[in-house]
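The values are calculated or read from the model by the stated rules, or taken from the named source; none is laboratory data. In this text the structure is predicted, and so the values were computed from the model without any measurement. Backbone-built Cβ (ideal geometry, glycine too); neighbour counts: all protein chains shown.
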Amino acid sequence: MIKNNLNKFLLLLIWLTLTFSCEEGLDTVAGIEGKINIPTDSLSEKIIWPDSLQGAVIVIAECGLYESLDSFFTHIVTFSDPLDTSKKEQSYFVQTLPGFYIAGVIGITVEMSKIIFLPQDSLSLHSEYFVPIGLYKIPNSTLPIGIIRVQEKEITKEIDITINYNIELPS
Amino acid sequence: MKSLTYKVQFILLVILFLFISSAQGQTGKISGFVYSSKTGEPLPGTNVILQKTFLGAATNLNGFFNIESVPSDSYTIEVLLIGYQSEKKDIRVLPGEHKKVNFYLQEKALKSPEIVITGAKRAIRKIDSPVSISAISNEQINFRNPSSVEDLLPYEPGVQIVDRQINIRGSSGYSRGAGSRVIILVDGSPAISYDNGVIYWEAVPIHNIERIEILKGPGSALYGSNAIGGVLNIITKKISSRNKTNILLNGGIYSKPGDKKKTWTDKTMFSNDWRISHERHFGKIGILAGYGQSNSTRYYQNGYYRRSILDAKIEYPKNYNQIITSRLYYINDKHGSFTQWKSAAQPFHTPENTINDQIYSDKFQWSSTYTYIVSPKQSRTYRLNYFYTAFQNDMLNNDTFSKSHIYSFEWQVDIRPGVKHYITCGSEIKSNKILADIWGNHYGSDAALYFQDEWNILHNTDFTSGLRFDLHKTDNVKIDSQLNPKFGLSFRPRKNLSLRTSMGWAYRAPAIAEIFTETQQYIFEVKPNPLLQSEKSISGEVGIFWQTPSVSFDIAIFSSHYKRLIEPVQDPADNKIHFMNITEARIRGVEISLNWKLPFIPLKNRFAYTYLDPRDLTAGKMLSYRHERSLVISEQFTITKYLTCGIDYRYLSKMRRVQLFNENPKTRGDQRVPIHLFSGFIQLAVNKSLFATLSVENLFQYYYVVVERNMGPVRYIKFNLNYSF
């Protein structure tokens with residue numbers, strides 16, 4: 001009797017194992033990964049960060065050429081957590097859907113808490129608080145802007161951006 | 001005048017002496033043995049009670065019990081033991097008589113606790129309770145092999161744990177460690193910190209637990225603030241009547257995520273703990289002392305902890321009718337801090353600038369209880385409690401500390417004025433003190449009076465009414481006074497069937513952390529709200545409980561209406577988090593539990609389902625951080641006398657609403673998923689003193705977030721060895 005029951009129990013276990021395969025739950029994410037470099041003073045090697053900026057985030061916008069800051073902000077898809085402005089170099093990751101994007105860094109002129117919990121599609125309503133300070137360009141390319149392709153369940157890597165306080169948006 | 005006073009005192013003393021002498025002359029004694037009807041072995045630890053009195057005893061290792069000074073009368077003597085059918089006998093005790101009576105108990109297929117104490121502040125049969133109470137037995141605790149009490153709770157209907165915060169019937173959401181709507185008691189003494197008002201699970205003893213009781217629904221009419229959502233009562237084991245040493249060894253490893261990007265370390269992620277305890281008697285005095293250490297890397301970066309735990313218990317049965325129990329618990333803890341993940345691509349990593357964040361903490365509790373059975377009709381209990389918690393955060397740009405002290409004293413008297421009434425009343429005073437930089441230095445005091453009458457209207461119907469008056473004061477702010485009544489009805493149309501209904505008012509005073517916190521942790525900024533008020537609720541439930549030796553079924557339908565519910569929300573003006581009184585909220589739901597064992601098959605089955613409808617009536621939205629549906633299915637199979645195995649399946653529906661990070665449909669940033677978890681165990685009981693258990697949690701390595709940007713535990717394989725000699 002016991003042996004018979006044990007067999008039934010083992011069969012149940014095997015059935016459960018096959019039904020619920022391992023390693024499920026959260027989907028594998030797609031997005032953009034890279035490093036952010038903040039310039040330093042050539043003599044003191046101290047990080048150069050203007051007092052007027054309370055912090056910075058990486059923004060990912062739909063692919064396109066934007067004539068004004070406002071039109072750029074209306075195409076922002078998502079933004080990252082705040083950057084650590086005390087570090088010369090840091091890595092980042094921003095989740096996106098598959099598609100073509102441009103990536104940049106914006107400095108924030110108000111307290112970070114005013115921005116960081118905003119619904120991500122409402123960023124364009126607050127553009128007066130933003131200063132563009134970085135834009136991804138393909139290394140060794142003369143193109144003014146780098147277009148980033150993100151594929152399903154893949155992370156596009158080495159999208160490194162160097163902070164530039166005198167940046168101008170390409171038009 | 002003075003001589004007259006002396007005369008009066010002398011006459012009173014003589015009358016008292018005569019009364020005591022005559023009372024002693026009118027008493028008898030009852031003793032006997034309790035055996036298993038199947039094996040004939042004596043049954044130690046059996047509760048023997050004289051119904052409708054406060055007299056009773058527990059059997060020793062030989063199954064022997066002895067009840068002294070029993071007034072001459074007719075009684076019903078009842079014996080109760082988990083896993084056995086209770087037995088009753090009618091006896092008559094004559095003056096000076098020594099009545100001997102033996103019992104043979106039949107084993108039940110389901111081993112669920114028969115007696116609960118949390119609902120009425122005294123031991124009653126679970127079937128008589130007018131409120132919903134779940135009880136976790138010592139056997140269930142052993143099989144689950146938990147690291148802490150919180151690991152056991154999600155398997156109970158109506159109970160959810162959201163990132164270490166307990167939530168009974170949807171009462172609590174998630175507040176990142178501030179405020180609790182469930183009070184925790186260890187042997188009746190509260191163990192909630194005064195500063196942030198939370199339960200520190202590591203400060204709740206996991207070893208030596210006899211059973212855990214969970215009162216679901218408002219408990220403020222007996223337990224005051226914090227019991228607005230429920231009461232969790234940990235009842236520790238009595239000290240063994242023989243000398244005993246216990247050694248416990250636990251070791252476990254976490255499985256590495258298959259996707260390499262998710263792995264934060266190449267080293268083995270592990271947990272281990274050991275504990276040694278010894279208990280013995282010096283004359284009448286029973287003493288238990290234990291010491292242990294725990295170490296873990298946990299499954300996420302910077303989640304490690306190192307703990308040392310010291311505990312002790314003393315039992316001193318002064319006379320047959322007086323017992324003093326004292327308990328001490330100290331834990332020193334150092335652990336890392338993990339606020340949120342680095343990114344969705346590296347969910348087990350902490351952000352780089354928080355990698356060295358750590359917290360040092362100490363928790364200490366000393367509680368003493370003195371119970372005095374004055375007469376068969378009256379019993380008094382006195383409880384003294386001191387609870388200390390302290391932490392020191394060592395974080396980037398945010399070193400904070402807090403030290404919190406709670407001193408409390410409770411006096412409770414139980415009276416049986418007649419055969420139809422059972423009155424419980426008492427008072428409680430508390431003094432609280434905090435020294436902290438995170439929320440400032442504060443002082444507080446509480447005072448309360450409570451009264452409860454259980455009225456046996458008919459032989460099968462009990463009506464309970466109760467009332468508690470609380471005064472609460474923080475610093476020099478005005479005193480908050482609260483009056484919370486309750487009513488309950490329990491009707492038993494059959495011996496094994498009970499219909500119950502209850503209604504209760506409850507409140508919770510905001511924790512100091514909810515009012516005064518001003519801090520920044522990673523990207524979260526919290527600001528104080530000195531205008532925060534106490535929250536209130538009215539709750540009601542109807543339920544049915546049916547129990548046979550092989551089936552137990554319980555269903556409850558409940559509804560709670562909250563006023564000024566305190567929830568963490570972001571201020572739209574500056575997006576800083578603060579605690580606010582949401583005007584109105586309503587939580588309705590149903591919970592069903594079914595335990596059964598089929599005849600001739602050594603397989604025990606358990607099914608528990610809960611449905612919640614938690615609504616913020618002011619905003620017209622769902623309340624955040626609640627799972628609408630939860631389900632537990634458990635199978636336990638006894639392979640041989642020595643070998644038992646089991647499997648559990650736990651489901652939680654996708655959390656409908658969160659607070660901090662709103663989903664971004666443009667990026668699939670919403671990481672919430674329904675939760676499916678399997679766990680299993682196999683236990684080898686070599687003999688009565690040596691157990692070995694192998695258990696696996698999250699058997700199929702299911703990835704899920706518990707709240708936004710915080711992953712749930714990965715697969716954890718654990719081995720436990722428990723040896724007593």
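Based on this model, can you work out whether A:Leu53 counts as under 14 Å from A:Ile161 (Cα atoms), assigned to a loop (DSSP other than H, G, I, E, B) and either more than 10 Å from chain B (Cβ to nearest Cβ) or without any contact (Cβ under 8 Å) to a residue 60 or more places away in the chain (or both)?
Against the criterion (under 14 Å from A:Ile161 (Cα atoms), assigned to a loop (DSSP other than H, G, I, E, B) and either more than 10 Å from chain B (Cβ to nearest Cβ) or without any contact (Cβ under 8 Å) to a residue 60 or more places away in the chain (or both)), A:Leu53 does not qualify.
Could you go through segment B:627-645 and let me know if any residue there is touching a Phe, Trp or Tyr at 6+ places or on another chain (Cβ under 9 Å), buried (at least 17 other Cβ atoms within 10 Å of the Cβ), facing chain A (nearest Cβ under 10 Å) and within 21 Å of B:Gly251 (Cα to Cα).
Checked segment B:627-645: at least one residue is touching a Phe, Trp or Tyr at 6+ places or on another chain (Cβ under 9 Å), buried (at least 17 other Cβ atoms within 10 Å of the Cβ), facing chain A (nearest Cβ under 10 Å) and within 21 Å of B:Gly251 (Cα to Cα).
Check whether at least one residue in segment B:477-491 is under 26 Å from B:Phe391 (Cβ atoms), surrounded by 14 or more Cβ atoms within 10 Å (Cβ to Cβ) and modelled with pLDDT of 90 or more, and report yes or no. Spell out how you get there, then give the answer.
Initially, segment B:477-491 is screened for residues under 26 Å from B:Phe391 (Cβ atoms), giving B:477.
Retained after the next criterion (residues that are surrounded by 14 or more Cβ atoms within 10 Å (Cβ to Cβ)): none.
Checked segment B:477-491: no residue is under 26 Å from B:Phe391 (Cβ atoms), surrounded by 14 or more Cβ atoms within 10 Å (Cβ to Cβ) and modelled with pLDDT of 90 or more.
Being in a loop (DSSP other than H, G, I, E, B) and buried (at least 18 other Cβ atoms within 10 Å of the Cβ) narrows it down to one of B:His335, B:His349, so name that one.
None of the others qualify; the one that does is B:His349.
Given the structure, is B:Thr59 at pLDDT 80 or above and within 12 Å of B:Phe103 (Cα to Cα)?
yes
Which residue is surrounded by the most Cβ atoms within 10 Å (Cβ to Cβ), if the candidates are limited to segment B:427-454 and must be over 21 Å from B:Pro190 (Cβ atoms) and more than 27 Å from the chain's Cα centre (by Cα)?
B:Ile438
Output the qualifying pairs, or none if there are none: Cβ atoms under 9 angstrom, residues six or more apart or on different chains, first residue in segment B:589-610 and within 12 Å of another protein chain (Cβ to nearest Cβ) and more than 18 Å from B:Cys645 (Cβ to Cβ), second residue in a strand (DSSP E or B) and among the β-branched types (Val, Ile, Thr).
Close Cβ pairs satisfying both conditions: none exist.
Report, by residue number, each residue of segment B:92-114 that is assigned to a strand (DSSP E or B) and surrounded by fewer than 18 Cβ atoms within 10 Å (Cβ to Cβ).
Scanning segment B:92-114 gives B:Arg92, B:His98, B:Lys99, B:Lys100, B:Tyr104, B:Glu107.
So which residues in segment B:647-706 are away from chain A (no Cβ under 14 Å), in contact (Cβ under 8 Å) with a residue 60 or more places away in the chain and over 21 Å from B:Asn605 (Cα atoms)?
B:Phe691
Working only within segment B:64-104, note down all residues that are within 29 Å of the chain's Cα centre (by Cα) and farther than 24 Å from B:Tyr372 by Cα.
Scanning segment B:64-104 gives B:Ile82, B:Gly83, B:Tyr84, B:Gln85, B:Ser86, B:Glu87.
So which of A:Leu143, A:Leu118 is closer than 21 Å to A:Asn37 by Cα, more than 12 Å from the chain's Cα centre (by Cα) and not polar (S, T, N, Q)?
Just one listed residue meets the conditions, A:Leu143.
When only residues in segment B:541-581 that are of a type in the set (A, V, I, L, M, F, W, C) and at pLDDT below 85 count, which is surrounded by the fewest Cβ atoms within 10 Å (Cβ to Cβ)?
Of segment B:541-581, the ones of a type in the set (A, V, I, L, M, F, W, C) are B:542, B:544-546, B:551, B:553, B:555-558, B:565-566, B:569, B:573, B:577, B:579-580.
Imposing the further condition that a residue be at pLDDT below 85 reduces the set to B:569, B:573, B:577.
On the way: B:Val569: 16, B:Ala573: 7, B:Ile577: 22.
By that ranking, first place goes to B:Ala573.
Can you find even one residue in segment B:154-176 that is free of Cβ contacts under 8 Å to residues at least 40 places away in the same chain and either small (Gly, Ala, Ser) or surrounded by fewer than 23 Cβ atoms within 10 Å (Cβ to Cβ) (or both)?
Yes, some residue in segment B:154-176 is free of Cβ contacts under 8 Å to residues at least 40 places away in the same chain and either small (Gly, Ala, Ser) or surrounded by fewer than 23 Cβ atoms within 10 Å (Cβ to Cβ) (or both).
Could you list, in sequence order, all residues of segment B:569-614 that are of a type in the set (Lys, Arg) and closer than 30 Å to B:Glu107 by Cα?
B:Lys597, B:Lys604, B:Arg606
A quick yes/no check of all residues on (1) over 18 Å from B:Leu152 (Cβ atoms); (2) within 26 Å of the chain's Cα centre (by Cα); (3) in a strand (DSSP E or B):
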position	(1), (2), (3)
B:Arg672	yes, no, no
B:Leu677	no, yes, yes
B:Val686	yes, no, yes
B:Leu699	no, no, no
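Just a yes or no: is a residue in segment B:435-442 under 24 Å from B:Thr371 (Cα atoms) and assigned to a strand (DSSP E or B)? Explain how you work it out, then say what you get.
Filtering segment B:435-442 down to residues under 24 Å from B:Thr371 (Cα atoms) leaves none.
For segment B:435-442, residues under 24 Å from B:Thr371 (Cα atoms) and assigned to a strand (DSSP E or B): absent.
Give the residue that is nearest to B:Glu541 (Cα to Cα), with candidates limited to residues of segment B:181-231 that are of a type in the set (A, V, I, L, M) and part of a loop (DSSP other than H, G, I, E, B).
B:Ile228
When segment A:128-158 is examined, which residues are found to be within 14 Å of chain B (Cβ to nearest Cβ) and either β-branched (Val, Ile, Thr) or not in a loop (DSSP other than H, G, I, E, B) (or both)?
A:Tyr129, A:Ile148, A:Val150, A:Ile155, A:Thr156
On the given criteria, is B:Ile582 assigned to a strand (DSSP E or B), under 27 Å from B:Ala221 (Cβ atoms) and under 23 Å from the mean Cα position of the chain (by Cα)? Working first, answer last.
Numbers: assigned to a strand (DSSP E or B): yes; under 27 Å from B:Ala221 (Cβ atoms): yes; under 23 Å from the mean Cα position of the chain (by Cα): no.
Answer is no for this residue.
Can you go through B:Thr474, B:Thr424 and tell me which one is surrounded by 15 or more Cβ atoms within 10 Å (Cβ to Cβ), on the phi < 0 side of the Ramachandran plot and at pLDDT below 90?
Selected residue: B:Thr474, the only one of B:Thr474, B:Thr424 that is surrounded by 15 or more Cβ atoms within 10 Å (Cβ to Cβ), on the phi < 0 side of the Ramachandran plot and at pLDDT below 90.
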